[in-house]
Amino acid sequence: VGPYTITYFAVRGRCGALRIMLADQGQEWKEVVVDFPEWMKGTLKSTCVFGQLPKFQDGDLVLFQSNAILRHLGRKHDAYGKDGDEAALVDMMCDGVEDFRLKYVKMIYQEYDTGKDTYIKDLPNHLDKFEAVLAKNKTGFLVGNKSSFADYNLFDLLLNHLVLSSTCLDSFPSLKSFVEKMSARPKIKAFLDSEAYKKLPINGNGKQ
Amino acid sequence: MLSIKTCTAFCTRISVMETIVFSPLHTVNYNFTMSGKVVLTYFNGRGKMESIRWLLAVAGVEFEEVNLTKREEYLKLLSDGELMYEQVPLVEIDGMKLVQTKAILSYIAAKYHLYGKDLKERVMIDMYAEGLRDLMEMIMVLPFLSPDAKKTKLDEIKSKATSRYLPVFEKALAGSQYLVGNQLSCADVHLVEATLMLEEKFPTILSEFPALKAFQARMKSLPAIDKFLQPGSKRKPQPDDVYTKTVFEVLNLKI
């Protein structure tokens, strides 16, 4: 296992979920923090398969694409459901989270000033889908009875939304309970309480 | 002809890309492998535990302390079989009850990547670390000496520090940020600790050692060390009469 290295900017962004996952899974990892002017020079960017970060190294394996990294860690740390059918459901939930994250990211980077209020008003239409799944599953996880990478992904995105609108989960008891339980897991709590986490902005443009 | 040229050019470009190094803003190490609390058992003072406190602080490891203040507490540790050689320091870490300062320091250094990248770097680190421990040991015994013996010892410490020990580290740091292998190791941590302890006794002792002075300034600006040097940290103050008295009572020592 490992050594793991994350190369990314000094933000939570698309590494939020995988950092929380690594912490909860009791892992150690190194982070190489890239500053934006350095990135714009292009020397690192030209070595990235899709010209993007995060870059993830697991020993000699080099990965890009945040969700591929989550799935890789899911396979390595038995956080991908208990069998093929559960794995398919975990993929489905993670894809659902990705759709939701894309909407969030679009609002943050392109429509914050004009579209923030509308986005918040519209949130229940996205949150209710995940509320329904959690309410039905009853285990406190999206799929089966243990954490999967989809849970870490959703948890990270919900934390972002609570910063955007602190009351957005008030009418979604399963989501609220999910966030509380995940936040209380000792290693996740330690990570969320750390200076390293707290001082990182969520998004690259400083909006949240 | 054209395709061979293109191929070569392409291959050259690939290898140049792989060797390009960019400058990261900084690196951060995360470690959630630790499963439980780290607990130190010792007297409420520096002694042999202080180097361990320094190393844990630099490694970013939180710890709790149990202070021995009464002989009964020590006797209970003995009867519970907690102390392998009937001695403290005792450090509970990763489900183990560790004794012997050097063993503890070695474990922490290895676990938190403060022990060099290979065996040869490790032995260099050990050489530097052991020299510094010898030096710090001399300072450690001071509170337990009579006033005359203390004066003689202080003269010995000053002379040995300036003629035997500090020149070694001054030389090692000429043109190098760290003592071994261009990265932070437990030897560097011992060196900060030792030079600060020396300055407490001899405030101008580093005036003849510019590389050491610069090293100390650099190290003090590292976030973990800066935090450890702030009031309210786990760092212990210099030993006082209360400390000396407690050690004598708990261990039932005769002068």
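The values are calculated or read from the model by the stated rules, or taken from the named source; none is laboratory data. If you're wondering where the values come from, they're calculated on a predicted model, not measured in any experiment. When we count neighbours, we look across all protein chains shown, and the Cβ atoms used for this are built from the backbone with ideal geometry, even at glycine. To get the accessible areas, we keep the full protein, side chains included, count just its heavy atoms, and leave off ligands, DNA and RNA. Shrake-Rupley method; radii C 1.70, N 1.55, O 1.52, S 1.80 Å.
The HN-Hα couplings worked out from phi for the stretch B:155-164 by the Karplus form 6.51 cos²θ - 1.76 cosθ + 1.60 (θ = phi - 60°) are 4, 5, 4, 4, 5, 5, 4, 6, 9, 9 Hz, whole numbers, x standing for Gly and Pro.
Each Lys and Arg adds +1 at its Cβ and each Asp and Glu adds -1 at its Cβ; summed about the Cα centre, the protein assembly as shown shows a dipole of about 560 debye. With a Förster radius of 30 Å applied to the C-beta separation of residue A:65 and residue A:197, the computed FRET efficiency comes to 0.85. Of the residues A:97, B:128, A:56, the one whose Cα sits farthest towards the positive end of the charge dipole of the protein assembly as shown is B:128 (charges of +1 on Lys and Arg Cβ, -1 on Asp and Glu Cβ, taken about the Cα centre). Given the stretch B:104-229, what whole percent of its Cα pairs are spread farther than 17 Å? Every Cα pair in the stretch B:104-229 considered, those over 17 Å come to 58 percent. Once you place label points 7 Å from the Cα toward the Cβ at residue B:67 and residue B:164, how far apart are they in nm? Calculated label separation equals 3.4 nm. Distant-in-sequence amide contacts of residue A:29, defined by a placed amide H-H separation under 5 Å and a gap of 5 or more residues or a different chain, comprise B:30, B:31, B:32.
Between B:43, B:61, B:185, the Cα set farthest toward the positive side of the dipole of chain B (charges on each charged residue's Cβ, about the Cα centre) is that of B:185. Accessible surface calculations at 1.4 Å, restricted to protein heavy atoms, place the stretch A:1-130 at 48 Å² per residue.
The convex hull built on the alpha-carbon positions of the protein assembly as shown has an orientation-averaged projected area of 30.5 nm². In order along the stretch A:67-77, phi translates into HN-Hα couplings of 6, 5, 5, 4, 5, 4, 5, x, 5, 5, 10 Hz, rounded to whole numbers, per the Karplus curve 6.51 cos²θ - 1.76 cosθ + 1.60 with θ = phi - 60° and x for Gly and Pro. Computed from backbone phi, the HN-Hα couplings of the stretch B:177-193 come to 6, 10, 5, 9, x, 6, 8, 4, 9, 5, 5, 4, 5, 4, 5, 4, 4 Hz, rounded to whole numbers (Karplus: 6.51 cos²θ - 1.76 cosθ + 1.60, θ = phi - 60°; Gly and Pro given as x). Binning the C-alpha pair distances of chain B at 5 Å intervals from 0 yields a P(r) profile of 1, 5, 11, 14, 16, 15, 12, 8, 5, 3, 2, 2, 2, 1, 1, 1, 0, 0, 0 %, listed from the shortest bin outward. Placing +1 on the Cβ of every Lys and Arg and -1 on the Cβ of every Asp and Glu, with no other charges, gives the stretch A:32-180 a dipole of roughly 100 debye about its Cα centre. Annotated for the stretch A:140-208: lysine pairs at least 8 residues apart or interchain, Cα distance under 25 Å, count 19.
Shielding of peptide A:26-32 by partners, expressed as the average count of other chain Cβ atoms within 10 Å per residue Cβ, is 6.
Take each residue of peptide B:109-115, count the partner chain Cβ atoms within 10 Å of its Cβ, and average: the result is 1. In deg cm²/dmol and to the nearest 500, what is the mean residue ellipticity at 222 nm of chain B if only DSSP H runs of at least 4 residues count, each as -39500 (n - 2.57), divided by the residue total? So the helix-based figure for chain B works out to -16500 deg cm²/dmol. Annotation for residue B:221 and residue B:96: the two label points, set 7 Å from Cα along the Cα-Cβ direction, are 3.7 nm apart. Size descriptor for the stretch B:79-172, Kirkwood hydrodynamic radius: 15.8 Å (Cα pairs only, one decimal). Between the amide H of residue B:66 and those of B:40, B:41, B:42, distances stay under 5 Å, these residues lying 5 or more places away or on another chain, with hydrogens modeled in the peptide plane. Computed in the context of the full set of protein chains, the accessible area of the protein assembly as shown at 1.4 Å probe radius has 56% of its extent on carbon or sulfur.
Can you tell which of A:119, A:167, A:88 lies farthest toward the positive end of the dipole of the protein assembly as shown, using +1 and -1 charges on the Cβ of basic and acidic side chains (Lys, Arg; Asp, Glu)? It is A:119. Taking the average, over residues, of other Cβ atoms within 10 Å as the packing measure, peptides B:193-204, B:231-242 rank B:193-204, B:231-242 from highest down.
An oblate overall shape is assigned to the stretch A:50-134, the ratio a/c of its alpha-carbon gyration tensor axes (a ≥ b ≥ c) being 1.5 or greater and a/b not exceeding b/c. Computed over protein heavy atoms with a 1.4 Å probe, the accessible surface of the stretch B:107-255 works out to 54 Å² per residue.
Shown are A:152, A:80, whose ranking by accessible area with a 1.4 Å probe and every protein chain present, most to least, is A:80, A:152. A helix-only calculation puts chain A at -17500 deg cm²/dmol for mean residue ellipticity at 222 nm, using -39500 (n - 2.57) for each DSSP H run of at least four residues, averaged over all residues. Kirkwood Rh over Cα pairs of the stretch A:89-208 into Stokes-Einstein at 4 °C, 1.567 mPa s: D in µm²/s? Roughly 87 µm²/s, to the nearest whole number. Remark: the stretch B:55-138 carries a charge dipole of roughly 220 debye about the Cα centre, counting +1 on each Lys and Arg Cβ and -1 on each Asp and Glu Cβ. Peptide A:178-189 is shielded by partner chain Cβ atoms: per residue, an average of 1 of them sit within 10 Å of its Cβ. Between B and A, roughly 1800 Å² of accessible area is buried in total, ligands, DNA and RNA not counted and the probe set to 1.4 Å.
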